[in-house]
Amino acid sequence: MDIADKIAKLSDELREESHSTKAIDILKSFAEQQKNTAGVDKILGQFENILQPPVEFEVMLANRLCLESDEFDFLQGDIIRTESAYYIGERVVNSPTFIIGTSACDLVKDRRECITLFRVEPILAPRNDDEEKIIKQLLSNNFKFKSTTSMILPKFPYQDEDVIYNIIELSRPHSITSQNLRLAHRVYSLTSLGWRIFGAVYRFITSRQDPRDEIFRNNLEIIEKIEDSA
């Protein structure tokens with residue numbers, strides 16, 4: 001097998017996996033089975049199904065659920081509050097709420113210089129018909145996993161009565177240094193289900209495949225070969 005054949009074989013093997021939509025397809029199928037937004041809300045909109053108090057390393061260790069070498073301060077999907085995050089080079093103030101996007105294995109102290117965060121904003125109950133239509137459409141898109149910019153989280157217990165949900169703004173990544181993350185306040189951790197849903201949506205949004213990509217790239221390779229032989 002020559003180099004060209006090896007390249008073609010590897011590319012074919014990666015075609016379905018490198019930009020796989022299997023996880024998001026499972027979520028979409030689940031949403032369809034629930035018939036409507038209210039059905040999805042009974043599972044994904046309930047705090048105890050998606051969120052829990054911060055998972056603490058000491059508790060895990062005491063219950064023999066991990067080893068000392070597994071020590072962690074934060075996990076992917078932790079909900080935190082901090083004033084040390086930046087968006088496009090500008091510091092974000094007033095202790096906003098974020099969710100950690102970086103994988104847990106890269107949250108180990110000094111392993112990464114920067115950590116990725118996403119803003120978490122409250123969705124308030126609509127005050128008029130126009131707002132009701134907008135929020136209804138927003139919830140429908142997210143609960144059916146059709147959104148390419150956001151993900152819904154349940155309302156936090158401490159939030160005011162006019163808050164009905166929270167939304168993760170996945171199209172606006174923020175950053176924080178690993179050192180400053182240590183100073184952040186952990187509010188909640190995701191449950192296993194919440195973490196898997198977050199991972200599926202996050203991966204879909206950041207690595208989904210545009211059908212035109214392969215056409216463009218293959219055509220570029222053809223053009224380069226023609227130019228090289230000219």
Where VAL55 falls short, out of the listed (1) surrounded by 17 or more Cβ atoms within 10 Å (Cβ to Cβ); (2) within 30 Å of LYS133 (Cα to Cα); (3) touching a strand residue (DSSP E or B) at 6+ places or on another chain (Cβ under 7 Å) = (2)
What tally of residues in region 71-88 results from selecting those that are open to solvent by 70 Å² or more (accessible area, probe 1.4 Å) and either touching a Lys or Arg at 6+ places or on another chain (Cβ under 8 Å) or at pLDDT 90 or above (or both)?
-> 5
Result of the Cβ filter at 7 Å on region 43-68, keeping first residues that are free of Cβ contacts under 8 Å to residues at least 60 places away in the same chain and partners that are open to solvent by 80 Å² or more (accessible area, probe 1.4 Å), at least 6 apart or interchain, is PHE57/GLU71; LEU61/GLU68
Taking interchain pairs and intrachain pairs at least six residues apart, which have beta carbon atoms under 6 angstrom, with the first residue in region 72-86 and charged (D, E, K, R) and the second modelled with pLDDT of 95 or more and open to solvent by less than 10 Å² (accessible area, probe 1.4 Å)?
-> ASP78/ILE100; ASP78/SER189
Of the residues that make up region 106-115, is at least one out of contact with any Cys (no Cβ under 6 Å at 6 or more places or on another chain) and under 25 Å from ASP25 (Cα atoms)?
-> no
Would you check if there is a residue in region 138-155 being farther than 30 Å from ILE26 by Cα, touching a residue at least 12 places away in the same chain (Cβ under 8 Å) and surrounded by 15 or more Cβ atoms within 10 Å (Cβ to Cβ)?
-> no
Answer yes or no: is there a residue in region 62-70 that is in contact with a Phe, Trp or Tyr (Cβ under 9 Å, 6 or more places away or on another chain), open to solvent by less than 90 Å² (accessible area, probe 1.4 Å), within 18 Å of SER192 (Cα to Cα) and modelled with pLDDT under 80.
-> yes
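To keep it simple, each residue is scored yes or no on (1) open to solvent by 10 Å² or more (accessible area, probe 1.4 Å); (2) of a type in the set (D, E, K, R); (3) in contact with a Gly (Cβ under 6 Å, 6 or more places away or on another chain).
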| residue | (1), (2), (3) |
| --- | --- |
| TYR158 | yes, no, no |
| ASP162 | yes, yes, no |
| ILE168 | no, no, no |
| HIS174 | no, no, no |
| THR177 | yes, no, no |
| ASN180 | yes, no, no |
| LEU183 | yes, no, no |
| GLY194 | no, no, no |
| ARG212 | yes, yes, no |
Is it the case that SER20 is open to solvent by less than 90 Å² (accessible area, probe 1.4 Å), in contact with a strand residue (DSSP E or B) (Cβ under 9 Å, 6 or more places away or on another chain) and assigned to a loop (DSSP other than H, G, I, E, B)?
-> no
Would you mind telling me which numbered condition in (1) open to solvent by 80 Å² or more (accessible area, probe 1.4 Å); (2) on the phi < 0 side of the Ramachandran plot ASN94 fails?
-> (2)
Could you check SER29 against (1) part of a loop (DSSP other than H, G, I, E, B); (2) out of contact with any Gly (no Cβ under 8 Å at 6 or more places or on another chain); (3) at pLDDT 90 or above and say which number it fails?
-> (1)
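The values are calculated or read from the model by the stated rules, or taken from the named source; none is laboratory data. Not measured: the values here are computed from a predicted model. Cβ: placed from backbone, ideal geometry, glycine included. Neighbour counts: every protein chain shown. When the accessible area is computed, the model is the full protein with side chains, heavy atoms only, and any ligands, DNA or RNA have been set aside. Shrake-Rupley method; radii C 1.70, N 1.55, O 1.52, S 1.80 Å.
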